[in-house]
Amino acid sequence: MIGPDQPQMGGSRLFAGERVREEDQLDRVIVVLRTCDGPGRSVRMAGCAGRPPAGVHRNGQGAGGHPVRARVPAPGSARHHGGMRAVVQRVDGASVVVNGETVGAIDGEGLCVLVGVTHDDTGEKAAQLARKLWSVRLLHDEKSCSDTGAPLLVISQFTLYGDARKGRRPTWNAAAPGDVAEPLVDEVVAQLRALGATVATGRFGARMRVSLTNDGPFTVIVEV
């Protein structure tokens, strides 16, 4: 245990590394720390499920009994540290309408892709996602868009980073702001077109009505 006489870290004195619990789906370890200036907060630390990161003991101390230096985010400032996220549906036709106008549509077999951007995403991530969407085998007979030339409808979707684990109202802290997200969604589209894809799009920031026929149904989540 970390006693009250231990040195302060980042302006807060750590009283206890209370427990470590496993999150099977996220494959991460959360060390719950209590600080003297606020309630318990969760700090996500990379590591295998069921085991803290190298050099970190289950009581929150490092080698030699020294407290682990970790950044404790202020309430409401938690950020997602994964990657750019997409929900991909195999469709038989899809379209998006804004104010009664069809701004993007694809016919026949293809992919409808909802793309979410988080704070740490980069142009490199956008290019990586584009390559994955172009080559992933989600179409019939285990084909990809690169195999068949099937089109994609790409639509921005910040709500992919909504967090509804607490309370009744989701929070959107993990979603990047529009001035960060819009150019990265555009970069995904540009990279797909550079690869030879036929791409239709929605309209960033608009209220969109998306219609599609999910063929299967067949839906996967892709994160890079």
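If the Cβ limit is 7 Å and pairs must be 6+ apart or interchain, which residue in the stretch 148-172 that is free of Cβ contacts under 8 Å to residues at least 40 places away in the same chain pairs with which residue that is in a helix (DSSP H, G or I)?
The qualifying pairs are W172/F158; W172/Y161.
(1) aliphatic (A, V, I, L, M); (2) closer than 18 Å to I106 by Cα; (3) in a strand (DSSP E or B): which one isn't true of V220, the others all being true?
Condition not satisfied by V220: (2).
Among the candidates A130, A150, A126, which residue alone is crowded, with 21+ Cβ neighbours inside 10 Å, among the aliphatic types (A, V, I, L, M) and assigned to a loop (DSSP other than H, G, I, E, B)? Lay out the reasoning, then the answer.
Values: A130 fails: assigned to a loop (DSSP other than H, G, I, E, B); A126 fails: assigned to a loop (DSSP other than H, G, I, E, B).
Sole residue among the options that is crowded, with 21+ Cβ neighbours inside 10 Å, among the aliphatic types (A, V, I, L, M) and assigned to a loop (DSSP other than H, G, I, E, B): A150.
Can you tell me how many residues in the stretch 153-169 are more than 14 Å from the chain's Cα centre (by Cα) and surrounded by 13 or more Cβ atoms within 10 Å (Cβ to Cβ)?
Adding up the residues that qualify gives 3.
When you scan the stretch 65-84, do you find a residue that is under 17 Å from the mean Cα position of the chain (by Cα), at negative phi and modelled with pLDDT of 95 or more, even just one?
Yes - at least one qualifying residue is present in the stretch 65-84.
Tell me which of these L133 doesn't satisfy, since it passes every other one: (1) touching a Leu at 6+ places or on another chain (Cβ under 7 Å); (2) farther than 21 Å from G216 by Cα.
(2)
Please count how many residues of the stretch 176-224 are surrounded by 18 or more Cβ atoms within 10 Å (Cβ to Cβ) and either in contact with a helix residue (DSSP H, G or I) (Cβ under 7 Å, 6 or more places away or on another chain) or not assigned by TED's automatic domain parsing to the domain that holds A94 (or both).
10
The values are calculated or read from the model by the stated rules, or taken from the named source; none is laboratory data. Bear in mind the structure is a predicted one, so any value in this text is a computation, not a measurement. All Cβ positions, even for glycine, are placed from backbone atoms using ideal geometry, and neighbour counts span all protein chains on display.
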